[in-house]
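The values are calculated or read from the model by the stated rules, or taken from the named source; none is laboratory data. None of the values given here were measured: they were computed from a predicted structure. Cβ sites come from the backbone with ideal geometry, for glycine too, and all protein chains shown count toward neighbours. Surface accessibility is based on the protein's heavy atoms, side chains included, excluding ligands, DNA and RNA. Shrake-Rupley method; radii C 1.70, N 1.55, O 1.52, S 1.80 Å.
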Amino acid sequence: MSVDNEFGIIFDPSMEALIGALERLSEESECLGLNMSQKSERRGIHVDQSELLCKKGCGYYGNPAWQGFCSKCWREEYQRARQKQIQEDWALAERLQREEEAAYASSQGAQTQPTLAPFSKFEDKKTNVTTRKVTTVKKFFSPSSRAAPKKASPEKNEQSAPSGRERHADTLLRDLKEIFTPPWELASPAEETQEAKAPSPSISRQSSVETDKVSRDFIDFLKNLQKPGRDIHKQCRIFLETMANKKEVSAEEQSEYVQDFYQNVAEKLQVHFKGSSERVERVMDQVEKYIMTRLYKSVFCPETTDDEKKDLAVQKRIRALHWVTLQMLCVPVNEDIPEVSDILVKAITDIIEMDSKRVPRDKLACITKCSKHIFNAIKITKKEPASADDFLPTLIYIVLKANPPRLQSNIQYITRFCNPSRLMTGEDGYYFTNLCCAVAFIEKLDAQSLNLSPEDFERYMSGQASPRRQDQDGYPSHVNNSPSLGQAYQNLERLSGLGERQERVLEGARRLERDLIEWSDGVAREVQDILDKYPLEICHPASAIDSDNVENDRLPPPLQPQVFAG
């Protein structure tokens, strides 16, 4: 028994031993917990699959470019906000007009109007003010430039000049028609006939070989549909003509026009094919290919957007992150395996090839091929199927190593002009959503994301230092700063290692040959020694009695036994 003087608690020796064991166990558990927390920090990048879905809960894949919505929900939100803005602008214009009319009427109420000429001047002035307001409001709705009307003769203007209110009403009707009517339905039958007879320069100019081939393939495909095919081709031509006159509109409005056209054609095809989704999807693929091949130059990375600026920012960001390794991202891939290394090269090639395609569906196909190569590489390394937590870090690593050209422009192009059903469901939509998440992660990547200290991260980003792999120790500094030179040095080391192994194999073969010769000689000596010690005596067999008688053929036959009857 002992007494603790500080607390006055009586301890038993066995209790002290138990407490000591408990303390050691507690320390070990804390160390174990620290190790587990470090391991959990090194688990890598985890994205819950629910985060990839539309935040409105419709079950389709969302997209960061659509603020987390899917294509369908984003269009509904965009159209709702657009209609609200139109109504607010329209109400503002009407209120300003009423206020100015009231102010003008109050200032002129006390004055008389003796002749008709001053009244006409008042109407003209009010019409000019109203028209100027309406034009200002129209800029919110349609930034496209309209062709100025033809000037009529003064005599005709004097005979049929409408009043100010009539011109104002016509302007309102025309604006409302252009706002709420799909662009491909604005052309009148007379204009359609004129377009068929004399196509515009944008259509008749010499196209590229690829565009001509796509046009021929589209016409051949539509021939099998007969009358619906002719209607679709006519709609496509009218739509292309309409889009040719709207090059100055924003990219969002171009996207709205294209998506509305897709929806209009798909609804008509649903009626014609009586709900056969496979046939509708096949026709829509051809429509998308034809339309977007013709519109590619005018809608890909347009001047009205900052896509090019974003491309340069992402490219610079990825170039600054060239030092990121597999271990930092916890990528479950072993590049030392030749088959895995070849697959990763194919994945990098596919993601780079995306920029060379014109059709959104073809760009999506490149992303899908790249993703499937990634899954194969993970499967070969782990010898088991890959999971979603393994896929996203590897995709980020591939994007960092590939640094695809015009990455943001391609993502925005797919987002704006791809068939929405392909982005909302299926493997294409899943892989594209993961690519958007990978780009967003790269843009926000920091020291904590790579399990580094802020100091090391800043030194790596500024180029003052570079993380060295264990097998790269002893390389010159310029080799450590260049991944390609580091890979070349590794290949040289592997080649030198292969030479050493070959020398060892040849030396072993020569040693085996000497051993075989020595063994053969030893066996021969032992056999000779045995023969010398125990000589072989050859005994000739005894000759026959009559062997020396050469005339034995003259001898009488041998006696034969005979039986006599007793």
Next item on the list: Starting from the range 331-348, take each residue that is under 16 Å from residue 390 (Cα atoms) and list its partners that are part of a loop (DSSP other than H, G, I, E, B) and of a type in the set (Gly, Ala, Ser), counting only C-beta distances under 8 angstrom and pairs at least six apart or across chains.
Entry: 331/44; 332/386
Note to self: What's the total number of residues in the range 403-443 that are open to solvent by 10 Å² or more (accessible area, probe 1.4 Å), of a type in the set (Gly, Ala, Ser) and over 21 Å from residue 305 (Cα atoms)?
What the structure shows: 2
Next item on the list: Could you grab me the full set of residues in the range 412-431 that are of a type outside the set (Lys, Arg) and out of contact with any Phe, Trp or Tyr (no Cβ under 8 Å at 6 or more places or on another chain)?
Entry: 412, 417, 418, 421, 426, 427, 428, 431
Notebook entry, point to check: Quick one: which of 484, 449 is open to solvent by 30 Å² or more (accessible area, probe 1.4 Å), under 22 Å from residue 315 (Cα atoms) and at pLDDT below 85?
Noted result: 484
Next item on the list: Examine the range 296-307 for a residue that is touching a residue at least 24 places away in the same chain (Cβ under 8 Å), charged (D, E, K, R), open to solvent by 60 Å² or more (accessible area, probe 1.4 Å) and out of contact with any Cys (no Cβ under 6 Å at 6 or more places or on another chain), and state whether such a residue exists.
Entry: no
Check: In the range 335-359, how many residues are polar (S, T, N, Q) and open to solvent by 60 Å² or more (accessible area, probe 1.4 Å)?
Finding: 2
Check: Is one or more of the residues making up the range 390-401 under 16 Å from residue 438 (Cα atoms) and open to solvent by 40 Å² or more (accessible area, probe 1.4 Å)?
Finding: yes
Notebook entry, point to check: Taking the stated definitions as given, is residue 356 of a type in the set (S, T, N, Q) and in contact (Cβ under 8 Å) with a residue 40 or more places away in the chain?
Noted result: no
Check: So residue 327 fits all but one of (1) at pLDDT below 95; (2) among the polar types (S, T, N, Q); (3) open to solvent by less than 60 Å² (accessible area, probe 1.4 Å); what number is the exception?
Finding: (3)
Check: Of all residues in the range 523-566, how many are surrounded by 10 or more Cβ atoms within 10 Å (Cβ to Cβ), part of a loop (DSSP other than H, G, I, E, B) and at pLDDT 75 or above?
Finding: 0
Item checked: Which numbered condition residue 271 fails, given (1) among the hydrophobic types (A, V, I, L, M, F, W, C); (2) surrounded by fewer than 13 Cβ atoms within 10 Å (Cβ to Cβ); (3) farther than 29 Å from residue 83 by Cα -> (3)
